[in-house]
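Each remark here refers to the structure printed beneath this line.
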Amino acid sequence: MSKNTKADMFVDIVALHDEVTGSCNICTVRLPDQRRIKFIVDCGLFQEEKYQRENYYFPFDPREIDFALVTHNHIDHIGRIPKLYKDGFNGPTYASTTTSELMTYALNNTAEIFEAATSQNQGRVRHAMSDTSVPVYLANLMNAPLFDKDDVSYAMDNVYGVEFNRRIKIDPNVSVMFAGNGHLLGASSILVTISYPGQRSINLFFSGDYAKTNMFFDVKAMPKNIYELPVTVIEESTYGTTSNNTIKRVFDDNLVEAVDMNHTFIAPVFALGRTQEILLKIRRLQEAGKLDPTIPIFLDGNLAQSYTSYYNHHKKLLTPEARDFVPENLSMIHEFAEREALLKKGGAKIILTTSGMGSYGPAQFYLPYFITRADATIHFCGFTTPNTFGRVLQDTPQGELIDVKGVMVEKKARVLATNEFSGHGKKEDLLESIERFPNAKSVLVNHGEKATKQSFAQSVTDTIYPSKGVEVLGPDVCVRVGAYGIIKTLPVTDLEFKSFDAPEEQTKGRQKQKLFRRKMQ
């Protein structure tokens with residue numbers, strides 16, 4: 001077999017996301033017979049305020065994409081898949097079996113938000129926005145929904161679930177395997193193999209958002225022979241500069257202390273994964289005698305409740321010790337009147353509410369009220385991006401004023417935070433995950449803040465592969481990869497897929513596509 005050169009076979013890889021959200025890697029395969037195959041890995045919603053315009057159009061023609069792969073069910077990885085189909089994509093989307101089941105919950109919920117944002121019925125808007133993974137400022141900016149439930153239904157008709165560690169042939173020259181990942185229930189790393197007669201295969205291993213373990217399930221190991229492959233590893237770097245020994249596990253103590261002080265303890269939570277983990281933590285505190293089981297616990301957020309129900313109905317996916325994760329004295333909040341009653345309810349209580357960053361979901365109702373209460377503890381359980389309400393609450397000194405929708409209120413509550421629940425591996429875990437591949441040919445650093453990606457790339461070079469190719473992915477650079485690793489890098493403007501300069505053309509296209517689909521139905 002000949003060594004890959006420019007004239008043989010290669011893959012051009014571009015990360016359309018510059019930092020953490022909006023995850024989408026576009027890969028263009030060029031085969032020796034000049035045939036091209038285009039696929040994407042993830043198609044997420046941008047959630048940082050500065051990238052909002054990126055949600056409204058794709059910098060490529062969706063009609064040219066042959067297939068899509070999904071690593072896991074977080075909205076910053078799947079949130080634009082219905083729009084992808086709406087704008088002309090008509091190929092299959094593959095995900096793990098569990099992820100393919102969970103996606104419907106997240107995407108339908110998101111569609112509700114988009115639809116409600118354009119409605120004149122403010123009561124409906126308030127109801128739909130009570131639980132979402134889409135920032136309120138994005139929903140409010142829309143003149144028309146990014147997609148609706150019909151688009152979700154059409155997209156989900158084209159989503160196929162695949163069992164872990166099973167190789168499937170997507171194309172005569174492309175096979176894919178989904179591997180277990182501790183980041184989230186159903187989360188995967190993905191091995192893509194491109195083959196051609198007479199050529200050495202190109203193996204791409206996309207880590208996805210990665211964690212080595214999960215408190216709810218055992219991560220299924222990949223077949224041993226996979227680790228021996230010559231691969232290019234596309235590795236996330238969200239916490240690529242954070243060490244495990246800097247993580248302080250304070251949630252249990254802070255919760256118990258707040259209850260002992262007769263506080264209302266409010267934890268903004270992410271609907272999938274974080275909510276269930278915290279419920280399990282509370283259950284274990286009760287069982288250990290550290291938390292009085294008569295203390296009332298409330299869970300608010302339709303999506304968080306749906307995912308919790310999914311866990312309860314799929315206990316076979318969980319380890320035996322995690323199956324009974326629901327704490328005693330837990331109540332679900334469904335109505336606005338129930339929320340109002342909680343404001344008046346005295347004494348110690350625990351409220352878990354979406355969203356995790358505090359800017360949307362029912363948290364918008366609770367936080368402005370309880371931030372003014374000295375008998376309240378607000379405890380964030382994950383990363384909060386700049387400009388979110390959660391970040392503002394954490395950064396504002398005690399006793400100073402905070403702007404809440406035009407009203408200045410004094411910060412009296414205790415505001416705490418922990419990163420112990422993060423589903424992302426830290427620096428040591430990420431480096432270890434790369435070292436599992438002793439024959440790796442190159443490493444492409446992906447999915448992290450710009451400075452973090454650069455720093456982690458340097459760590460990979462310094463500690464693992466000083467003589468091998470390490471590059472940082474982003475929307476402005478294409479990395480060309482062959483069987484022997486990185487061939488070269490190119491500016492994105494030199495590639496055949498270029499940004500549509502006229503988003504209105506996409507709008508016309510998706511309108512025609514929707515009319516055609518409805519006619520066919």
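Viscosity 0.692 mPa s, temperature 37 °C: give me the Stokes-Einstein translational D for segment 42-96 in µm²/s, with Rh taken as the Kirkwood radius over C-alpha pairs.
In µm²/s, the coefficient is 284.
Given the C-alpha centroids of segment 425-451 and segment 193-265, what is the distance between them in whole angstrom?
Distance between centres, Cα-based: 10 Å.
Relative to the Cα centre, what is the charge dipole magnitude of segment 208-284, using +1 at the beta carbon of each Lys and Arg, -1 at the beta carbon of each Asp and Glu, and rounding to the nearest 20 debye?
In debye, rounded to 20, segment 208-284 gives about 200.
Over the chain, with the other protein chains present, what is the accessible area per residue in square angstrom, probe 1.4 angstrom?
It amounts to 40 Å² per residue over the chain.
Please report, ordered by residue number, every helix of the chain (full DSSP H runs) that is 18 Å or longer along its axis going by C-alpha atoms and whose mean Kyte-Doolittle hydropathy reaches -1.0.
Those that clear 18 Å and a mean of -1.0 are 97-117, 274-287, 450-463.
Could you work out what % of the accessible surface of the chain is carbon and sulfur, using a 1.4 angstrom probe and leaving DNA, RNA and ligands out of the count?
Percent of accessible area from carbon and sulfur atoms in the chain: 48.
For every helix of n ≥ 4 consecutive DSSP H residues, a contribution of -39,500 (n - 2.57) applies; sum these over the chain, divide by its total residues, and give [θ] at 222 nm rounded to the nearest 500 deg cm²/dmol.
The helix-only estimate for the chain comes to -9000 deg cm²/dmol at 222 nm.
How large is the Kirkwood hydrodynamic radius of the chain, in angstrom, based on all distinct alpha carbon pairs?
Hydrodynamic radius (Kirkwood, Cα pairs) of the chain is 23.9 Å.
Per residue of segment 80-86, what does 6.51 cos²θ - 1.76 cosθ + 1.60 with θ = phi - 60° give for ³J(HN,Hα)? Whole Hz please, x for Gly and Pro, Karplus curve as stated.
10, 4, x, 5, 4, 5, 4
If a/c stays under 1.5 just call it rounded; otherwise compare a/b with b/c (prolate if a/b is bigger, oblate if not). Do that for segment 347-400, with a ≥ b ≥ c from the square roots of the Cα gyration tensor eigenvalues.
oblate
Could you order the peptides 326-335, 421-430, 383-392 from most to least packed, using the average number of other C-beta atoms within 10 Å per residue?
Peptide ranking by packing, descending: 421-430, 383-392, 326-335.
On the principal axes of its Cα set, how long, how wide and how thick is segment 289-418? Give whole Å, largest value first.
48, 32, 30
For a 22 Å ceiling on Cα separation, which of these pairs sit above it: Lys248/Lys345; Lys427/Lys453; Lys212/Lys453?
Correct reply: Lys248/Lys345.
With viscosity set to 1.306 mPa s and temperature to 10 °C, compute the Stokes-Einstein D of segment 163-266, Rh being the Kirkwood radius across alpha carbon pairs; µm²/s, no decimals.
D, rounded to a whole number, is 95 µm²/s.
Can you give the net charge of the other residues whose Cβ lies under 11 Å from the Cβ of Tyr227, counting K and R as +1 and D and E as -1?
0
Over every pair of different alpha-carbon atoms in segment 196-343, take the mean of 1/r and invert it; report that Kirkwood radius in Å.
Kirkwood radius, segment 196-343: 18.8 Å.
If you place +1 on the Cβ of every Lys and Arg, -1 on the Cβ of every Asp and Glu, and leave all else neutral, what size is the dipole of the chain about its Cα centre, to the nearest 20 Debye?
I would put it at about 940 debye.
Under a point-charge model restricted to the Cβ atoms of Lys and Arg (+1) and Asp and Glu (-1), what is the dipole moment magnitude of segment 391-481 relative to its Cα centre, in debye to the nearest 20?
160 debye
The values are calculated or read from the model by the stated rules, or taken from the named source; none is laboratory data. Keep in mind the model is a prediction, meaning the values are calculated, not measured. Here Cβ is always computed from backbone atoms with ideal geometry, including for glycine, and neighbour counts include all displayed protein chains. These accessible areas exclude ligands, DNA and RNA; they are computed on the full protein's heavy atoms, side chains included. Shrake-Rupley method; radii C 1.70, N 1.55, O 1.52, S 1.80 Å.
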